[in-house]
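The values are calculated or read from the model by the stated rules, or taken from the named source; none is laboratory data. Because the structure is a prediction, the values reported are computed rather than measured. Virtual Cβ from ideal backbone geometry, glycine too; neighbours counted across all protein chains shown. The area values use the complete protein model at the heavy-atom level, side chains included, leaving out ligands, DNA and RNA. Shrake-Rupley method; radii C 1.70, N 1.55, O 1.52, S 1.80 Å.
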Amino acid sequence: MNDRDFMQQALDLARKGEGYTSPNPMVGAVIVKDGKVVGKGYHQSVGGAHAEVNAIDDAGDFANDASLYVTLEPCNHHGRTPPCTEKIVAAGIKKVVVAMQDPNPDVKGGGSDYLRQQGIEVITGVCEQEAQKLNENFTKYARTKRPFVIVKCAATLDGQIATKTGDSKWVTGPEARKYVHRVRHAVDAIMVGVETVKKDNPRLTTRLDGRKGADPVRIVLDTRLSIPEGAMLLRLDSESDTILITGKSVSRDRKDRIERNGVRVVETATKNGRIDLLLLMDWLGDQGITSLLIEGGSRVIASAFRSGIVDKILFFYAPKILGGNDGFPICSGPGPERMKASLLVKNMSLLRFDEDIMIEGYIAN
C-alpha cells in the first residue's frame, strides 16, 4: 500500500464524524508501522479528542517510530483541547502525511512548521482534493466566517417543483429523499420561505435509516411573521432551534405568542421588501452556523442566487413532465436579460437514485 491508500483509510474514518463535529472539521487519522495500520482514530464530536489523539491512543507503544496519516494539518494551538502537535512529538512519530493544510489563515502551516522543527518529516497534499471536498463547509467558514450555502431542489424534467395547486408530494422517489436526509444531517441549518411552510407544513428534521440523525437548525424567512400558529415547525420535539427571520415592523403581540413555543423570532433588515440575505449570512456566521441548506421555495431560491450567497447546488430531476407553464418553477422572479449574465456552474457530477438523477455542482465565482 502507498501513501494514497493509507490516506483514503483516514478519509473514510473522517466521514464517520459527519453531522457531529461542526463547527470543527471532520478529520480522520491512521498510524502505520512497517507497512501495517497499527492505530485508527477520527474526530467524533465537538469538544472531544482530535483524530490524531485517538489514533495515537489506539496505537499505544506502536506509535513510536511510526508514520501518521491525517486528513487535516495537525493543530498547533490551544482550543477546547491541547495542541495535537505536542501529542505527535511525545508519541515518537517519525513522519506525518497530511492531506490538506488548515484553511484558517491565522494558523495555516503552523502545525506542519512546528513538526518539521522537531525533526519530523512532513509531507502535504496527499489526496488533497478529496480532503477539501470533505470539509468544504469548514473551509469556507474558516476563511470568511459565513456559512457554506447549498441550494437543493427536486424538479420535473421541465423544471417544475410543484403543480399549479402547490402539490409537490412527491416529485422524486424514496432513494433520492433518503439522500436529502443525509444532507440535512450533515449541515448546521436548513432554510425555507414561509410560503413553503404554508403549503407543505414541513418538519425540516432529519430521518435516517437505523440511526438517530442530527436535526439542523430550522430557519424560516417570514418578513411579516405570517406563519400559521398551528405549523408543525412551531411545536417540534427537537434538540435544535427553530428561528423565524422577520422584518422590523412585526406585531409585538404576535411575536410574543410565537416565542412562547420556544421559537426564536429575529428581526433583521429588509431590502426591497424582502430579507437581506447577505446580512443574514453574516448573522448566521456570528451564530456559529458553518453550513446552510436552502430547500425553497421558488422565490427564496431565486433570491439566494441573485444575492450571490450560493456555493453549491444539488438539483434532483425526476422522469416526469408536467407539460404546462402554470406550475411552480425552480426559480421565480426577475432574471437576467442576456444569457451571458447566467450563473455558471463548474465541477459538475451526476448521481442516480433509482430513476431520479441529481446534478451536483459549484457556482463559479
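Filtering the stretch 329-349 to residues that are open to solvent by less than 70 Å² (accessible area, probe 1.4 Å), of a type outside the set (G, A, S) and in a strand (DSSP E or B) leaves P329, V345. Quick one: V192 ticks every box in (1) buried (at least 23 other Cβ atoms within 10 Å of the Cβ); (2) at pLDDT below 95 except a single one, so which number is it? For V192, the failing item is (2). Only residues that are on the phi > 0 side of the Ramachandran plot and open to solvent by 20 Å² or more (accessible area, probe 1.4 Å) were counted across the stretch 195-211, and they come to 2.
So, of the residues in the stretch 238-254 that are open to solvent by 60 Å² or more (accessible area, probe 1.4 Å) and among the polar types (S, T, N, Q), which turns out to be farthest from L292 (Cα to Cα)?
Keep residues of the stretch 238-254 that are open to solvent by 60 Å² or more (accessible area, probe 1.4 Å), which gives 239, 241, 248-249, 251-253.
In the following step, the residues that additionally are among the polar types (S, T, N, Q) were identified as 249, 251.
Details: S249: 26, S251: 28 Å.
The extreme case among them is S251.
Comparison of D326, D286 shows that the only residue that is of a type in the set (D, E, K, R), farther than 21 Å from E195 by Cα and out of contact with any helix residue (DSSP H, G or I) (no Cβ under 6 Å at 6 or more places or on another chain) is D286.
Which residues, counting only those in the stretch 81-113, are open to solvent by 60 Å² or more (accessible area, probe 1.4 Å), assigned to a loop (DSSP other than H, G, I, E, B) and out of contact with any Gly (no Cβ under 8 Å at 6 or more places or on another chain)?
Initial filter on the stretch 81-113 (open to solvent by 60 Å² or more (accessible area, probe 1.4 Å)): 82, 86-87, 90, 94, 101, 105-106, 108, 113.
Among the residues that remain, those that are also assigned to a loop (DSSP other than H, G, I, E, B) are: 82, 94, 101, 105-106, 108.
Within the stretch 81-113, P82, K94, P105, D106, K108 qualify.
When the stretch 114-138 is examined, which residues are found to be in a helix (DSSP H, G or I) and touching a residue at least 60 places away in the same chain (Cβ under 8 Å)? Lay out the reasoning, then the answer.
Start the filter on the stretch 114-138 by keeping residues that are in a helix (DSSP H, G or I), which leaves 114-117, 128-134, 136-138.
Those that are in a helix (DSSP H, G or I) and touching a residue at least 60 places away in the same chain (Cβ under 8 Å): E130, A131, L134, E136, N137, F138.
Looking across the stretch 37-47, the residues that are out of contact with any strand residue (DSSP E or B) (no Cβ under 7 Å at 6 or more places or on another chain) and surrounded by fewer than 24 Cβ atoms within 10 Å (Cβ to Cβ) come down to Q44, S45, V46, G47. Kindly indicate whether any position in the stretch 138-146 is of a type in the set (G, A, S), surrounded by fewer than 20 Cβ atoms within 10 Å (Cβ to Cβ) and more than 30 Å from L279 (Cα to Cα). No - not one qualifying residue is present in the stretch 138-146. For the stretch 37-64, a residue qualifies if it is assigned to a loop (DSSP other than H, G, I, E, B) and either out of contact with any Lys or Arg (no Cβ under 7 Å at 6 or more places or on another chain) or at pLDDT 95 or above (or both), and the qualifying residues are H43, Q44, S45, V46, G48, A49, H50, N64. Against the test of being surrounded by fewer than 16 Cβ atoms within 10 Å (Cβ to Cβ) and out of contact with any strand residue (DSSP E or B) (no Cβ under 6 Å at 6 or more places or on another chain), the options R274, R257 yield a single qualifying residue, R257.
All but one of (1) modelled with pLDDT under 95; (2) closer than 26 Å to I359 by Cβ; (3) not acidic (D, E) hold for P216, so report the exception by its number. (1) is the only condition that P216 fails. Consider A142 carefully, then state whether it is within 23 Å of the chain's Cα centre (by Cα) and among the hydrophobic types (A, V, I, L, M, F, W, C). Against the criterion (within 23 Å of the chain's Cα centre (by Cα) and among the hydrophobic types (A, V, I, L, M, F, W, C)), A142 qualifies.
Please determine, by comparing only the residues of the stretch 185-223 that are of a type in the set (D, E, K, R) and touching a strand residue (DSSP E or B) at 6+ places or on another chain (Cβ under 7 Å), which one is nearest to S303 (Cα to Cα). Show your work before the answer.
First pass over the stretch 185-223, keeping only residues of a type in the set (D, E, K, R): 188, 195, 198-200, 203, 207, 209, 211-212, 215, 218, 222.
Next cut, touching a strand residue (DSSP E or B) at 6+ places or on another chain (Cβ under 7 Å) only: 188, 218, 222.
Working: D188: 21, R218: 18, D222: 14 Å.
Only one residue tops the list, namely D222.
Among residues of the stretch 80-108 that are under 17 Å from N24 (Cβ atoms) and at pLDDT 95 or above, those with a Cβ under 6 angstrom from a residue that is open to solvent by 40 Å² or more (accessible area, probe 1.4 Å) and not in a strand (DSSP E or B), sequence gap 6+ or separate chain, pair up as A99/E128; M100/E128; M100/Q132. Scanning the stretch 1-36 for residues that are in a strand (DSSP E or B) and crowded, with 19+ Cβ neighbours inside 10 Å yields G28, A29, V30, I31, V32.
Of the residues making up the stretch 22-38, one or more are in contact (Cβ under 8 Å) with a residue 60 or more places away in the chain and hydroxyl-bearing (S, T, Y). Under the condition of being surrounded by fewer than 24 Cβ atoms within 10 Å (Cβ to Cβ) and either within 19 Å of G327 (Cα to Cα) or not small (G, A, S) (or both), the residues counted in the stretch 296-311 number 9. Screening V89, V97 for residues that are out of contact with any strand residue (DSSP E or B) (no Cβ under 8 Å at 6 or more places or on another chain) and among the hydrophobic types (A, V, I, L, M, F, W, C) leaves exactly one candidate, V89.
The set of residues from the stretch 291-325 being of a type in the set (G, A, S), under 25 Å from S22 (Cα atoms) and in contact with a strand residue (DSSP E or B) (Cβ under 7 Å, 6 or more places away or on another chain) comprises S291, G296, A304.
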